[in-house]
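In what follows, a structure is listed as C-alpha cells, so that the remarks can point back to it.
Where a number appears in this text, it was derived from the coordinates with a stated rule and is not lab data. Computed from a prediction, not measured in an experiment: that's the story for all the values here. Cβ placement follows ideal geometry from the backbone for every residue including glycine, while neighbour counts extend to all protein chains displayed.
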2 protein chains.
Amino acid sequence: MKSTLPERVKGVCSPPSIPLPLTRVDASVELLKALADPTRLQMIGVLKRSAQPLCICDFTAAFELSQPTISHHMGKLRDAGLVDVTKAGIWAYYRLNSHLDAKTRALLEVLV
Amino acid sequence: MKSTLPERVKGVCSPPSIPLPLTRVDASVELLKALADPTRLQMIGVLKRSAQPLCICDFTAAFELSQPTISHHMGKLRDAGLVDVTKAGIWAYYRLNSHLDAKTRALLEVLV
DNA sequence: CGATTCCATCGACAAACGTCGATCTTTTGA
DNA sequence: TCAAAAGATCGACGTTTGTCGATGGAATCG
C-alpha cells in the first residue's frame, strides 16, 4: 500500500507553517536537554522511585563519577526545575519537584 | 507540612540501586538528544501534523537556516529512527516513521 | 551533451558540554 | 579553636554539536 506523493514543480517550494509557539519549543528543548544525559536520566529515575529525599553523597557513591561532576549534573536538574533541594547540616537532600506541570510529569512517566 | 529527612551518619553513604537498565537509558538518551534542538523539534511537529510526506526543500524555505544545516538536522532525525524518507526524482520526501514504538509515540504526543 | 535543481556529504570553525582536580564555604564535633 | 566532611564553584581540558560555504552526485530537461 503506497500513498501517492504530492505533486511538485521545480523551483517552487511551499514552506509549511510552523505549528509550535516559540516559547513552548524553547521550554521543551530546555527540558529535553536536561534529560538527555545518561547520568541525569538515571538520577531522575532514582528520585522518582524514592519515597525519601536522597542525599547527594549517595549519588556520588552510586555513579563512577567525581563529586564535582555529580554536583554539576544535579545543578542542571535543579536549573531545569526538575528537582528540589533541602539543606540540612552538611547534607543536601534532593527530591523530584512535586509541582511539575502535567506535560513534564507525562514525559517522566514515559521515560523513567 | 514538612516531611522528615532521613537520618544520616557522617562518612556513611548508601548508594541507591540504579533502577534503569543501561540499554534502556542509552536508547532514551539517544531519542532525547535527537529531539533536544529547536529546529528538529519543530520539524517533528510539522511532520506529525502533515497528512502528506513533505519535501525537504519546503523545510529549507521555512527555517532561516542553510540547506546543509536543514539536511543535517533531518539526517539526525533519520538516524534516530524518527522519520522515514522516500526519494522521488530530485526530491526527498520525509514523514514521521509510522512504526514508532509506544513509548516514543507517547513522548511525541506530549511534546509536539 | 550541458545546464539546472535538489540534496547529501565534507571540512572548518565557534560554542556548548561532560569531566576532572583544586579550591572555597559551611557545618559539625572533638 | 581547629580538623574533618559535604557540597558548590572555578579553571582547564578534550569532545560533541550546530552552523556555514564548498563540493559532489543523481535526476531532469532543453
Exercise for the section: Kindly indicate the residue of the stretch A:93-107 that is touching a residue at least 24 places away in the same chain (Cβ under 8 Å) and within 16 Å of A:A51 (Cα to Cα) and also nearest to the chain's Cα centre (by Cα) among those meeting that condition. Expected result: A:L96
Exercise for the section: Identify all residues within the stretch B:77-89 that are out of contact with any Phe, Trp or Tyr (no Cβ under 9 Å at 6 or more places or on another chain) and either among the small types (G, A, S) or assigned to a strand (DSSP E or B) (or both); write none if there are none. Expected result: B:A80, B:G81, B:A88, B:G89
Exercise for the section: Search the stretch B:50-72 for residues being out of contact with any helix residue (DSSP H, G or I) (no Cβ under 8 Å at 6 or more places or on another chain) and more than 12 Å from DNA strand C (Cβ to nearest atom), and hand back the single one that is farthest from the other protein chains (Cβ to nearest Cβ). Expected result: B:E64
Practice task
Under 6 Å between Cβ atoms, at least 6 apart or on separate chains: pull out the pairs that start in the stretch B:73-91 with a residue that is farther than 19 Å from B:T104 by Cα and end on any residue that is within 8 Å of DNA strand C (Cβ to nearest atom) and hydrophobic (A, V, I, L, M, F, W, C).
Solution key: B:W91/B:C55
Handout entry: Residue, surrounded by the fewest Cβ atoms within 10 Å (Cβ to Cβ), within the stretch B:1-49, restricted to residues that are within 7 Å of another protein chain (Cβ to nearest Cβ) and of a type in the set (S, T, N, Q)
Key = B:S14
